[in-house]
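Some notes on the structure that comes next.
The values are calculated or read from the model by the stated rules, or taken from the named source; none is laboratory data. Nothing here was measured: the structure is a model prediction, and the numbers come from that model. Glycine gets a Cβ as well: all are built from the backbone with ideal geometry, and neighbour counts include every protein chain shown.
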Amino acid sequence: MAIHYLQNKIAGGESEILDFKKTISSASKIAKTICAFANHKGGTLLVGVNDNKTISGVKSEDERYMLDLAAQFYVKPTIELKMVEWEFGNKVVIEAIIPEGLDKPYYSKDDDGKWWAHIRVKDQSLLASKIVLDVLKRNSGKQQNIINYTRHEEGLLKFLEKNEKATLKELCQALNISRWRGQKMLVALVSAGIVRNHTTEKMEFFTLS
């Protein structure tokens, strides 16, 4: 059962809801992944699995300790993990299940003691932008979800219709508005599902939904 379950899960590869870790050497680094899953739809960490989908196994007590440490002291608000140990031959793999957070946004602490929010994009955990953070707050009820539809909002949507995608800077220049105003508009439109946010390692851009 365990072998069949793990083989199927591992065969699919890493994704927006699955991440492989050979070992856990740093609570702050694994907290980043936990935070990203909590800010997304939730996800699963398979500890003792290599990036190439081979199983290396782990010392379960050490890895469980690091996972608990990360979830309780390096993530805020704290996250309750569900952990299951699977025996694959003579090797142990830990399946750590991270639920979708109910109190977004979640932050993780780095080695310098600074707190950052991350989001899951495909198989990566990326730093959340100011716009993404505000969308998470708005969707969790921490901000009012009201859209003031003015000529600027109309102009933004028309610009995206013509150009398919645009960065915040491009939208602000096209509409001749401040960065602050552009961010505020995009937060409202993304929260309402009218505009879609796209985050990559190098840039953030927006399209019509």
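What to note about this one:
- Looking only at the range 14-30, and only at residues there that are of a type in the set (Ser, Thr, Tyr) and part of a loop (DSSP other than H, G, I, E, B), the one that is modelled with the lowest pLDDT: Ser25
- Residues in the range 118-130 that are surrounded by fewer than 22 Cβ atoms within 10 Å (Cβ to Cβ), touching a strand residue (DSSP E or B) at 6+ places or on another chain (Cβ under 8 Å) and not hydroxyl-bearing (Ser, Thr, Tyr): Val121, Lys122, Asp123, Leu126, Leu127.
- Unique match (being among the charged types (D, E, K, R) and in contact (Cβ under 8 Å) with a residue 60 or more places away in the chain) among Lys137, Lys122, Lys82, Lys91: Lys122
- Each residue in the range 182-207 was checked for being outside any loop (DSSP other than H, G, I, E, B) and surrounded by 15 or more Cβ atoms within 10 Å (Cβ to Cβ), and 16 pass.
- Screening the range 100-114 for residues that are under 12 Å from the mean Cα position of the chain (by Cα) and more than 11 Å from Lys137 (Cα to Cα) and picking the one that is surrounded by the fewest Cβ atoms within 10 Å (Cβ to Cβ) gives Glu100.
- Options Glu61, Glu95: the member that is of a type in the set (D, E, K, R) and either closer than 17 Å to Ile119 by Cα or exposed (fewer than 14 other Cβ atoms within 10 Å of the Cβ) (or both): Glu61
- Single residue of Gly141, Gly57 found to be assigned to a loop (DSSP other than H, G, I, E, B) and not assigned by TED's automatic domain parsing to the domain that holds Met185: Gly57
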